[in-house]
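A short write-up of the structure that comes next.
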Amino acid sequence: MALPTAVSPDHLQLTSAQMCVTQATITSVVAGAAPATCPFPAAFDDTSCQGSAAFIQYSVDQFLPGTVDGLVNLLGDAELLVPVSTAYLTTDVADGCVVQSSQSF
């Protein structure tokens with residue numbers, strides 16, 4: 001049983017643009033916050049230095065790489081919506097049975 005699907009190519013392009021704006025906004029926030037994820041020690045005692053080193057290590061190993069990967073994926077997915085929208089307009093409207101644009105990506 002096939003379910004009817006309504007696709008608005010204009011909405012795909014609008015969603016792509018919104019995702020690009022969101023990605024740019026998050027990137028600027030992360031870039032501004034990145035230095036704060038690598039704090040200087042509060043003092044030069046062992047505890048302060050070890051605490052600072054632990055935060056820096058976590059930031060380098062966990063926070064920043066995962067955040068950057070997410071931002072790259074967000075932008076990549078946003079860029080895919082435009083060709084899918086175009087492919088839908090040129091092929092899927094004519095065929096109607098199979099969503100060709102989803103098979104080419």
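The values are calculated or read from the model by the stated rules, or taken from the named source; none is laboratory data. Every value quoted in this text rests on a predicted model; they were computed, and no experiment measured them. Cβ sites come from the backbone with ideal geometry, for glycine too, and all protein chains shown count toward neighbours.
Side notes on the structure shown:
- Residue within the stretch 70-83 that is in a helix (DSSP H, G or I), acidic (Asp, Glu) and surrounded by 10 or more Cβ atoms within 10 Å (Cβ to Cβ) present: yes
- Residue check for Ser16: touching an Asp or Glu at 6+ places or on another chain (Cβ under 8 Å) and surrounded by 15 or more Cβ atoms within 10 Å (Cβ to Cβ): yes
- Filter pass, Gln23 being assigned to a helix (DSSP H, G or I), closer than 22 Å to Tyr88 by Cα, in contact (Cβ under 8 Å) with a residue 12 or more places away in the chain and not hydrophobic (A, V, I, L, M, F, W, C): no
- Per this entry, Gly96 is counted among residues that are exposed (fewer than 15 other Cβ atoms within 10 Å of the Cβ) and at pLDDT below 90.
- Taking the criterion of being polar (S, T, N, Q) and either more than 19 Å from Val60 (Cβ to Cβ) or over 34 Å from the mean Cα position of the chain (by Cα) (or both), the residues of the stretch 36-50 that qualify are Thr47, Ser48.
- Screening the stretch 47-69 for residues that are small (Gly, Ala, Ser) and more than 18 Å from Ala31 (Cβ to Cβ) and picking the one that is surrounded by the fewest Cβ atoms within 10 Å (Cβ to Cβ) gives Ala54.
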